[in-house]
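See structure below.
Derivation of every value follows stated rules applied to the coordinates shown; laboratory data play no part. What you see is a predicted model, and the numbers here were worked out from it, not measured in a lab. We place every Cβ from the backbone using ideal geometry, glycine too, and count neighbours over all the protein chains shown.
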Amino acid sequence: MPAESYTRRENRQRVGLTFKAVRHAIAGAPMDDLEPRAERIRARAEERGEREADRMWRELDSARSDAAAAKVKADLATGSDRAAARRAAKDAERNVERIQRKARKYL
């Protein structure tokens, strides 16, 4: 299941609905209107989480491709270009690692 991505407003609404549900439960009032509202909020957050996850994986694939290309360029470089190509390859690898750390939340 993909991670849900709630906005601040949605988090406030969820907390408000929880308090309202508790008050209704104490009073013995029906909670028919609360569940659909909570489900709509959760559905929006799940959809947003799926979009964010898809974008993150595309970004990671792109970064890996860039790192592979930089590594090949560093392997083929000669002379003074070699040091710059190695730095670029290391930077590309760091970028991949950074994106991988961020992508862990979508596993």
- [ ] For region 19-31, just list the computed ³J(HN,Hα) in residue order, Karplus coefficients 6.51, -1.76 and 1.60, θ = phi - 60°, integers in Hz, with x standing in for Gly and Pro.
- [x] 4, 5, 5, 5, 4, 5, 5, 5, 7, x, 7, x, 10
Open item on the list: Between GLU50, GLU39, GLU59, where does the largest GNM mean-square fluctuation fall for the chain, given springs only between Cα atoms within less than 10 Å?
Closed with: GLU39
Open item on the list: I want to check the label-to-label distance for ASP81 and ARG58. Put each point 7 Å from Cα in the C-beta direction and report it in nm to one decimal.
Closed with: 3.2
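For the chain, please report how many Lys pairs fall under 30 Å Cα to Cα, leaving out neighbours fewer than 8 apart on the same chain. All intermediate terms of the calculation are to be shown ahead of the outcome.
On the way: LYS71/LYS90; LYS71/LYS102; LYS71/LYS105; LYS73/LYS90; LYS73/LYS102; LYS90/LYS102; LYS90/LYS105.
For the chain, qualifying lysine pairs total 7.
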Task: Label point 7 Å beyond Cα of ASN11 along Cβ direction - residues of region 67-107 with amide nitrogen under 20 Å - done: 102-107
Task: Given charges at Cβ of Lys, Arg, Asp, Glu: the chain dipole, positive-most of LEU76, ALA53, ALA21 - done: LEU76
Task: Between 0 and 90°, nearest 10: helix 34-76 axis offset from the chain longest Cα axis - done: 0
Task: Over the chain, relative contact order from alpha-carbon pairs under 8 Å, at least 6 apart, % - done: 33
- [ ] Stick to Cα atoms and the Kirkwood definition of Rh, then tell me Rg/Rh for region 8-106.
- [x] 1.39
